[in-house]
Amino acid sequence: MSLRSLWGHFGDLETLFAITGAELMRRQVDAYEPIDPSLPLEERIDAYCRQRAEMLEYIAPFARSSEIRVPFSRELQRNRVRYLDRARYEIRTLFSDQFEGVDGTVRTHIENLLGVSTTWPTWVSLRDVLRLPVPEAVEVMKRSVSALLAEASGAGRQQAVARVAQEKAAVAPHRRAQQSRPVPAMTPREQVVVPA
């Protein structure tokens, strides 16, 4: 395609970036194969990280070419947020069991970390900065995802224990008050005489 026909079709770079980003997202959604959330955790992590690696390798030429323009392009910045949102959506869907009982703030922090760990900025660091081959980069991603999910699961257990302790503490004063009340003495008239 010539530059003339490119600019005849797209009025400016931002329009081109928006359309390109939407097309890349559509292709990613089409290529996405849901992973069974009932699989054991290790199998889900492995399948998810391998799938993310395939997708990240697919978008690599587009992502590398847009790197220099991201700070100056609102559309490219929006595209990054869309990709991150998509990764967080997949994480919430596939690993929801690991977030049971986790409060909203902790959950959001861990989902954000998982999203960043499985999207382009981290992948480009693994591949281009550290120069790791794809299989090794996948192993690093798996470790990161495993550690963050373990933290979420642990936070959920800690928060459940804390809730139980709070509930017990709230009930304890009421129980102590009931136990410390004196039992009224029965008057002779109320006393029941049992025949011998």
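Could you tell me the calculated FRET efficiency between residue 42 and residue 131, based on Cβ-Cβ distance and R0 = 25 angstrom, to the nearest 0.05?
Efficiency, rounded to the nearest 0.05: 0.35.
What spacing in nm lies between the two simple spin-label points modelled at residue 109 and residue 97, each 7 Å away from Cα in the Cβ direction?
2.6
In segment 54-164, carbon and sulfur make up what percent of the accessible area (probe 1.4 Å)?
58
Keeping every protein chain present and rolling a 1.4 Å probe, give me the accessible area per residue for segment 50-145 in Å².
It amounts to 55 Å² per residue over segment 50-145.
The values are calculated or read from the model by the stated rules, or taken from the named source; none is laboratory data. None of these values were measured; they are calculated from a predicted model. Here Cβ is always computed from backbone atoms with ideal geometry, including for glycine, and neighbour counts include all displayed protein chains. Note: areas computed on protein heavy atoms with side chains; ligands, DNA, RNA excluded. Shrake-Rupley method; radii C 1.70, N 1.55, O 1.52, S 1.80 Å.
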